[in-house]
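Worksheet: the structure to be examined is printed underneath.
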Amino acid sequence: MDGTKPAMESNAEETQEEGQESKGCFECCIKCLGGVPYASLVATILCFSGVALFCGCGHVALTGTLTMLENHFSRVTTDHATLTLVIQIFQYIIYGIASFFFVYAILLLAEGFYTTSAIKKELQSDFKTTACGRCITAFFMFLTYILFLAFLAIFGFTAIPVFLFFNMWSTCAAMRSPDANITASDSICVDVRQYGIIPWNASPGKACGATLGDICNTSEFYLSYHLYIVALAGAGATVIALIHYLMILAANWAYLKSAVSTHEYQDIKTKDDQDLEAEARSKEGQNSSSYS
């Protein structure tokens, strides 16, 4: 019986140690999860998704558009040389946008982690924000606002090819509709020269009737049209993500500024309390000396 008692005690100690370790791991996980800036994380995921959709789909859609124009609307290379150059420039800009927003979203997420940690330590009086930290948050807020305006313009610009492709698709759908009372389908045309995409001397420059219907059935048209729609949705998601970032940065900056004011008030209050304690001690010393 005496031999089993130490074994039972050792088992109890091991169970207690395991419970403490599991409790410590649980508390550590809760602490780590509490330090995650979920708002910044959601905005970062939305920004990555939007930029990826816009850049990837936009790049492929521009290539398909150029192929469709070369095959059906401008068969002479010199007529669409300027358009080819512009599309290549846009594609290089898309590369730059993708790279820049990948880095910038990571920086904003890191700033969210830093600010969340700083605010929590501010509440615990363990950390004081610096003027440099507040200036960085203000700088990110200003730059994000500029990027928001720029991507809002990109969003509007991306809607133009969607509108043009939709008009072309609607015309083809109207010709194929059994309810359409069309006596001469060859009189229905789509002239891309009127949009300024290619010059007026480009040949043929327009497509009519059955030729137009065949163009609408090509893979270049179908794929480019839907990719432009997805790119437009991606640009919209990026705009929403930037608005989300703006709200987060503004809130963080306000929290940090409030925390600074709170610390200044606490410092003044602590100093006054120390002065009152010192004055009270000096009076007690004077009273004790007078009684003696």
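All of the numbers you see were taken from the coordinates with simple rules; none came from a lab. In this text the structure is predicted, and so the values were computed from the model without any measurement. Every residue, glycine as well, gets a Cβ built from its backbone with ideal geometry; the counts of neighbours run over all protein chains shown.
Values computed for the structure shown
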quantity	calculated
R0 of 25 Å, Cβ-Cβ distance Thr77-Phe163: FRET efficiency to nearest 0.05	0.35
Label-zone membership for the stretch 69-84, site Trp200, 7 angstrom Cα→C-beta point, backbone N under 20 Å	73-76, 78-83
